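Working notes, beginning with the structure itself.
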Amino acid sequence: DVNGTIKLSSKKRAAKSSATKHGQRRARVATTTGSKEKEKIEKSDVRDNYINQEHTDGEAHVSPAHLMYTGGTTMPLTSHLKIIEPGHDLPIGIWPVFRIMDEDGCFRCPSNDGYVDPERHTSAGSSRKESTTISPPPDDNASSTSKHDLASLRSLLSSKYPFHASEVLDNVLLQSSPHDFADTGSDNTLLRAQRQMIRLRQMDNILQNAQRQGRISFYMTCRGEEAIHIGSASALKQQDVILAQYREHGLLMWRGFTLEQFTNQCFSNDLDLGRGRQMPVHYGSRALNYHTISSPLGTQIPQATGVGYKLKLDAAKMED
């Protein structure tokens, strides 16, 4: 009828108008999105062109010589590591900030250090040059055995970063162990370090899930700190005493603490070295010179001071 026809026509006109508005809105969104994407692409192109230009023009990377702090205070930057031991003369003036890499991820350019050490430019200069004598880098088509060869890796890193050659050649992780490691059956220290970091991350995942499921009462991961643990532990001798906090169990793993020992401690069973008297992740091992963890933060600092003083007294008694 007439009324029905009028109502149907009104509905069609309303639907058409709605579709038109919706289409216009989608077009505006698409235009806006397209312009944003175009802007992102243009910025990315500019950045890539800058990076490519920086690396293809053959120009040396210029590192900042100083850091600027609030109030206009500046601190010199240096890539030369100098360890000050007790009894040595202290540096004159402001102590520099040591950095190997700049904030943009590039290795620092040694020619733009903000701190000049006269000793480095005299006696240390000649020894550094002698230590950078290297063999050619390994061939890319070499076998997997040679790719895992630490001597070849040291040569490659030394040739690629000659300024850090002495640190590369002296790094413990890049030296073969005098004996095969029990957990890898190999003397390759660097491969063991990689394996330990992966192992530590996976153990954290499993035990944290166990805590979330209510199987153990407490757990804290060291996610993101694995390399700090393994690098520090590799630089220490087995007889060196460690006083750590409860996110530093990677040092204990490096020294030979087994997965069974870790889980026994977390589950507080009768095989736990502490006989279940400690909270989970409060590890300790007399055999590995790793003092039992304390719950309060910072307690290991005065404890380490006392241990160091005791070791100093014992050494003095032995000399007498």
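The values are calculated or read from the model by the stated rules, or taken from the named source; none is laboratory data. None of the values given here were measured: they were computed from a predicted structure. Because the Cβ atoms are built from the backbone with ideal geometry, glycine has one as well, and the counts that use them run over all protein chains shown. SASA here: full protein model, heavy atoms, side chains in, ligands and nucleic acids out. Shrake-Rupley method; radii C 1.70, N 1.55, O 1.52, S 1.80 Å.
Considering the conditions (1) crowded, with 16+ Cβ neighbours inside 10 Å; (2) of a type in the set (A, V, I, L, M, F, W, C); (3) under 18 Å from Gln196 (Cα atoms), Ile228 is excluded by exactly one of them, (1).
Suppose we keep only residues that are open to solvent by 40 Å² or more (accessible area, probe 1.4 Å) and touching a His at 6+ places or on another chain (Cβ under 9 Å) within the stretch 284-295. Which one would you say is modelled with the highest pLDDT? In this case the residue turns out to be Thr292. Does Gln303 qualify as being touching a residue at least 40 places away in the same chain (Cβ under 8 Å), of a type outside the set (Lys, Arg) and open to solvent by 30 Å² or more (accessible area, probe 1.4 Å)? Against the criterion (touching a residue at least 40 places away in the same chain (Cβ under 8 Å), of a type outside the set (Lys, Arg) and open to solvent by 30 Å² or more (accessible area, probe 1.4 Å)), Gln303 qualifies.
Each row is one residue, and each column tells you yes or no for (1) of a type in the set (A, V, I, L, M); (2) surrounded by 15 or more Cβ atoms within 10 Å (Cβ to Cβ); (3) not in a helix (DSSP H, G or I).
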| site | (1), (2), (3) |
| --- | --- |
| Asp240 | no, no, yes |
| Gly256 | no, no, yes |
| Gln278 | no, yes, yes |
| His282 | no, yes, yes |
| Leu297 | yes, no, yes |
| Lys317 | no, no, no |
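Condition check for Ala235 on (1) under 25 Å from the mean Cα position of the chain (by Cα); (2) crowded, with 18+ Cβ neighbours inside 10 Å: one failure, at (2). Filtered by the rule that a residue be touching a helix residue (DSSP H, G or I) at 6+ places or on another chain (Cβ under 9 Å) and surrounded by fewer than 19 Cβ atoms within 10 Å (Cβ to Cβ), the stretch 259-271 gives Leu259, Gln261, Thr263, Phe267, Asn269, Asp270, Leu271.
Scan the stretch 93-108 for residues that are open to solvent by less than 90 Å² (accessible area, probe 1.4 Å), in contact with a strand residue (DSSP E or B) (Cβ under 8 Å, 6 or more places away or on another chain) and in contact (Cβ under 8 Å) with a residue 12 or more places away in the chain and the total you get is 7. Filtered by the rule that a residue be among the polar types (S, T, N, Q) and in contact (Cβ under 8 Å) with a residue 60 or more places away in the chain, the stretch 213-231 gives a lone residue, Ser217.
When the stretch 198-221 is limited to residues that are part of a helix (DSSP H, G or I) and open to solvent by 60 Å² or more (accessible area, probe 1.4 Å), the one that is nearest to Leu259 (Cα to Cα) turns out to be Arg199. Within the stretch 158-187, restricting attention to residues that are part of a helix (DSSP H, G or I) and open to solvent by 50 Å² or more (accessible area, probe 1.4 Å), the residue that is nearest to Arg255 (Cα to Cα) is Val172. The criterion of being open to solvent by less than 40 Å² (accessible area, probe 1.4 Å) and modelled with pLDDT under 70 does not hold for Arg128.
For Asp270, state whether it is over 18 Å from Ala233 (Cα atoms), acidic (Asp, Glu) and at pLDDT below 90. Taking the combined requirement at face value, the residue does not satisfy it.
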